[in-house]
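Scroll down for the structure; my scribbles are underneath it.
The values are calculated or read from the model by the stated rules, or taken from the named source; none is laboratory data. These figures come from a predicted structure and were not determined experimentally. So basically every Cβ, Gly included, is an ideal-geometry build from the backbone, and we count neighbours across all protein chains shown. SASA here: full protein model, heavy atoms, side chains in, ligands and nucleic acids out. Shrake-Rupley method; radii C 1.70, N 1.55, O 1.52, S 1.80 Å.
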Amino acid sequence: MISFKSIFSRIIFLHVIALVITAIFMPLVLYYFFKWAANDLHDQAMRDQADLVAHYLVLRPDGTWRLDLPPALQDVYSQAVGRYAYAVLDDSGRVLFSSLRDRSLIFSADPRSSDVAYLETQRGDAAVSGVSLAKEMDGRRVWVQVGEDLAHRDVIIDDIVADFFKRVGWLPMLLFLLAIDIVIFRRALRPLLNASEMAKKINPNRTDVRLPPEEMPKEILPLVQAVNQALDRLEAGFRMQREFTADAAHELRTPLTILRSRVDTVADRGVSKALHQDIEGMARIISQLLDIAELESFSIDPHEKADLRTICAEVAEFAAPLALAKGKNIALSGSDAPVWVNGNPEMLSRAIRNLVENAINYAPPGTTVEIVVESSGMVRVLDEGPGIKEEERKLIFQRFWRRDRRRTGNAGLGLSIVQRIADTHAATISVENRPTGGANFSVSFARVG
C-alpha cells in the first residue's frame, strides 16, 4: 500500500483512484440507462402507433371490420419503406388486416393472453420489435400488432446510444474535475496549513504561541485544543523554571556577600586571595543565571538604539582590571565615530562583556585581547588562545557546555547568553580561528541612521 506523508497528497491520490473507477463504470452505467431509455421510447412509440391504427378501425353494422388509414399513414406502413408494419387479428386469431405482402401476422406468438404485450421476432435478416395491443368495440375484441425493423430505428436514438461516448471529451472533463478538486482541497486544508506555519514559530523562546482553532475542521479541532493545552502546561513549566532560577540566584547573593566580608578576616593572605577568587567565580555564575532569567522574558523596543563604539569602550574599561590581574592586555580599535545599531545598550554590553571575559579566560598570559568595532555594525573580539575546533563551534553556544569540566569558576553559560542576546536583536554571530592563532568571535548588528 502506498503511504504518503502529506494528507493533501493522500486525498488527491485517493480521489484520482475514485475518478478512474468512475471513468470506467460511469460510461457503462450511462450506456445501460441510455439503452433502457431508448427501449422505453421505442415501446411507447409502438403503443402510440397501435392506438393510431386502432383509431381507424370501424365495425360495420353487418359485423365486419373496415380499416380506413389515411394516405399519410399508409405511406408510413408501405412495404417500399419497410420500416414499420401492422396487423389486426380478431378474437379467433384470424388476420383481418396486414401491411405485409403475405398478409400474415407480425409476431407468431399468440398475443391474446394479455391486453398489452411487447414482442420481438426475426423476419428474415431483420430484427423486429413492437407491441400487441387489445381493443374492444361494441363487445368485439381485436388485437392490433405494430412492429418496427430495428435496422431503421430513430436516428436520434441511434446517435444518443452509438455516438454519445465518442463525442464526449472524457479525459479533459476528468482533468478539469481533478483541478477543481485540488483547489477545493487546498482551500479546505488551509486552516491546517496555517496551523502548521504557526507551529513552526513555537520554540523555548516563544512558548506563548498557540495554534489557531478558528476555522479548524471539527475532526482536527480536538487535536489542536490538546496541543494548545500541552503548550499551556509547557509554558507554565518554563515560567516556573525561570522563576526558580531567578529566585535561587537572588537568594545566593546575600550569603556570598557575607562570605566576602568574613574572608577578609582570614589572616593568611594567600588563602584569603584564593577564597576571593572562588567567591568571584560563584558571583559570576549567579550573575549569569540572573541574566538568563531576565533574557527569557526580554524584548527590545524596535525604535531603541545603541552606540557600539561607546559600549565597547565601556566594556574595555570594565574588563581591563580583570585582564591586567591575569597578566593580559585589552585593546580597542576600529571606528572612531559612533556606530548606531538597533538594540538595548545594557543587553549589548552584556553580550560583548561575556565575549571579552571568555577571551581573557582562554588567552595566554602576556597576550592581548582585542575589541574591534567596525562601521558596518560588526563587533569582533580576538584573542591569541588555542582557538576553537571545527566540531565545537556549535557546541560552545549551548548552555552548560564546557570543554574542560575540571576548570572551576565557569558554568558554560557566557556564550549561550551571547547567543540569546544576538537572537533577540536579530544579530548574527560567528566564530573562526585566526591565521596567527586564537579565536575570532564576530557579532553583526543592524545599522540605524
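Observations on the structure shown:
- Computed over neighbours whose Cβ is under 12 Å from that of ARG141, the net charge equals -2, Lys and Arg +1, Asp and Glu -1.
- Bridgeable lysines around LYS35 (alpha carbons under 26 Å apart, same-chain partners fewer than 8 residues away excluded): LYS166.
- Near ASP336: Cβ cut-off under 13 Å, other residues only, Lys/Arg at +1 and Asp/Glu at -1. The net charge is -1.
- ASP125-VAL81 FRET efficiency (beta carbon distance; Förster radius 22 Å; 0.05 resolution): 0.85
- In order along the range 74-87, phi translates into HN-Hα couplings of 4, 5, 4, 9, 5, 5, 5, 6, x, 8, 10, 8, 9, 8 Hz, rounded to whole numbers, per the Karplus curve 6.51 cos²θ - 1.76 cosθ + 1.60 with θ = phi - 60° and x for Gly and Pro.
- Taking a straight Cα-Cα cut-off under 18 Å and skipping sequence neighbours fewer than 8 places away in the same chain, the lysines within cross-link reach of LYS200 are LYS5.
- Per residue, the range 50-117 exposes 54 Å² of solvent-accessible protein surface, assessed with a 1.4 angstrom probe and all protein chains in place.
- Residues whose amide H lies under 5 Å from that of ALA127, counting only those 5 or more places away or on a different chain, are LEU150, ALA151; hydrogens are built 1.01 Å from N in the peptide plane.
- By the rule of a C-alpha distance below 22 Å, with chain neighbours fewer than 8 residues away ignored, the lysines paired with LYS273 are LYS326, LYS328.
- Distance between the C-alpha centres of the range 328-394 and the range 73-144: 113 Å, rounded to the whole angstrom.
- Distant-in-sequence amide H partners of SER335 (H built 1.01 Å from N, under 5 Å): VAL373, GLU374, SER375
- Scalar couplings 3J(HN,Hα) for the range 424-429, obtained by applying the Karplus form with A = 6.51, B = -1.76, C = 1.60 to θ = phi - 60°, are 5, 9, 6, 9, 10, 10 Hz; x denotes Gly and Pro.
- From phi via Karplus (6.51, -1.76, 1.60), per-residue ³J(HN,Hα) for the range 392-397 in Hz, x at Gly/Pro: 9, 5, 8, 5, 5, 8
- Whether the range 183-232 is rounded, prolate or oblate, judged on the alpha carbon gyration tensor where a/c under 1.5 counts as rounded: oblate
- Counted charge near LEU105, where neighbours are those whose Cβ lies closer than 11 Å (Asp, Glu -1; Lys, Arg +1): +1
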